[in-house]
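The values are calculated or read from the model by the stated rules, or taken from the named source; none is laboratory data. Keep in mind the model is a prediction, meaning the values are calculated, not measured. Cβ placement follows ideal geometry from the backbone for every residue including glycine, while neighbour counts extend to all protein chains displayed.
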Amino acid sequence: MDTVVLSLGGSILVREEDNARYIQALAEMLINVSSAIRVFVVTGGGRIARYYIREGRALGASEDFLDEMGIEATRLNARLLIAALGDHANRIPPKNYEDAVLAAERSKLVVMGGVAPGITTDAVSSILADRVGAVRLVNATVVDGVYTADPEKEPSATRIDRMTHEELLDLVGADSHRAGPNMVFDAAGASILARAKIPLMVVDGRDLENLRSAIVGKPFVGTAVS
Ligand code: UTP
């Protein structure tokens, strides 16, 4: 049975409108897919993490402390998805890669957040993909792929449908000093995937049919990095 890691951006899990309905539909799709594929899901922190990090920083907390709060937010989001998955997933988000591997012995779907200060869930999902021998890492976000530039600032930016790991590294590495929401995948995660030669699929996670295609290895709309 193939293993796939799904990195779910916080922007997908934490939205204002009607999100329970989306998360329920996402959970149903994942349960369905898990009969043929073992799926590990890593959830991002989104607005929840940004709120605590911003307010904590204003209160003088150390960066390490802020990262720990960010990690708690990613785990809170993991629990939201777990709530929808019920008995099909682990109940408590594993706190490290070893516990994630152990959790996979009991359930085909494993959901977790962050693990350690100083990184993001892009890096966590990349390390996990390497650890569990995943055939691909699917990054689901609210952008439909990797663009030549930030499409919000650069109207002429175009989506890159296929690229190599080296090309992705050039793109995100060049931007790493001003990393922000315009970068769909961070440099640390990109270099871990390049080293392990694990393909990355970047898709708009709001389109569940398309997300499903990316997870199961069928043609999809987005960016394929290999
Ligand atoms: P995210 O992975 O959501 O960070 O974790 P991000 O990439 O900054 O968020 P988006 O994609 O732009 O929405 C949220 C925060 O939690 C901490 C970091 O501070 C991170 O910015 N974190 C997360 C860690 O320190 N370690 C982890 O393993 C995961």
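So which of TYR97, TYR51 is in contact with a Lys or Arg (Cβ under 6 Å, 6 or more places away or on another chain) and free of Cβ contacts under 8 Å to residues at least 40 places away in the same chain? Matching residue, one of TYR97, TYR51: TYR97. The lone criterion from (1) more than 14 Å from the ligand (Cβ to nearest atom); (2) surrounded by fewer than 18 Cβ atoms within 10 Å (Cβ to Cβ); (3) part of a helix (DSSP H, G or I) left unmet by ILE92 is number (3).
Exactly one residue out of ALA134, ALA149, ALA116 is surrounded by fewer than 22 Cβ atoms within 10 Å (Cβ to Cβ), of a type in the set (Gly, Ala, Ser), farther than 19 Å from LEU80 by Cβ and away from the ligand (no atom under 16 Å from the Cβ), and it is ALA149. Among the residues making up region 38-56, those that are of a type in the set (A, V, I, L, M) and part of a helix (DSSP H, G or I) are ILE48, ALA49, ILE53.
Filter region 9-29 for residues that are closer than 23 Å to GLY189 by Cα and in contact with a Lys or Arg (Cβ under 9 Å, 6 or more places away or on another chain) and give the result. Matches in region 9-29: GLY10, SER11, ILE12, VAL14.
So which of ARG106, ARG136, ARG131, ARG79 ends up being more than 23 Å from LEU200 (Cα to Cα), of a type in the set (Lys, Arg) and under 19 Å from the mean Cα position of the chain (by Cα)?
None of the others qualify; the one that does is ARG79.
Note on region 54-85: residues that are touching a Phe, Trp or Tyr at 6+ places or on another chain (Cβ under 8 Å) and either on the phi > 0 side of the Ramachandran plot or without any contact (Cβ under 8 Å) to a residue 60 or more places away in the chain (or both) total 5. The set of residues in region 32-47 being within 20 Å of ILE92 (Cβ to Cβ) and more than 9 Å from the ligand (Cβ to nearest atom) consists of SER34, ARG38, VAL39, PHE40, VAL41. For region 95-110, the tally of residues that are within 14 Å of the ligand (Cβ to nearest atom) and in contact with a strand residue (DSSP E or B) (Cβ under 6 Å, 6 or more places away or on another chain) stands at 1.
If you go through region 177-205 and pick out every residue that is at pLDDT below 95 and more than 12 Å from the ligand (Cβ to nearest atom), you end up with 2. Among residues of region 1-20 that are hydroxyl-bearing (Ser, Thr, Tyr), those with a Cβ under 7 angstrom from a residue that is assigned to a helix (DSSP H, G or I), sequence gap 6+ or separate chain, pair up as SER7/THR121; SER7/ASP122; SER7/SER125; SER11/GLY46. Residues of region 15-37 that are assigned to a loop (DSSP other than H, G, I, E, B) and surrounded by 10 or more Cβ atoms within 10 Å (Cβ to Cβ): ARG15, SER34, ALA36, ILE37. Selection within region 50-84: residues that are out of contact with any Leu (no Cβ under 7 Å at 6 or more places or on another chain), aliphatic (A, V, I, L, M) and farther than 30 Å from GLU105 by Cα. The member of this set that is nearest to the ligand (Cβ to nearest atom) is LEU66.
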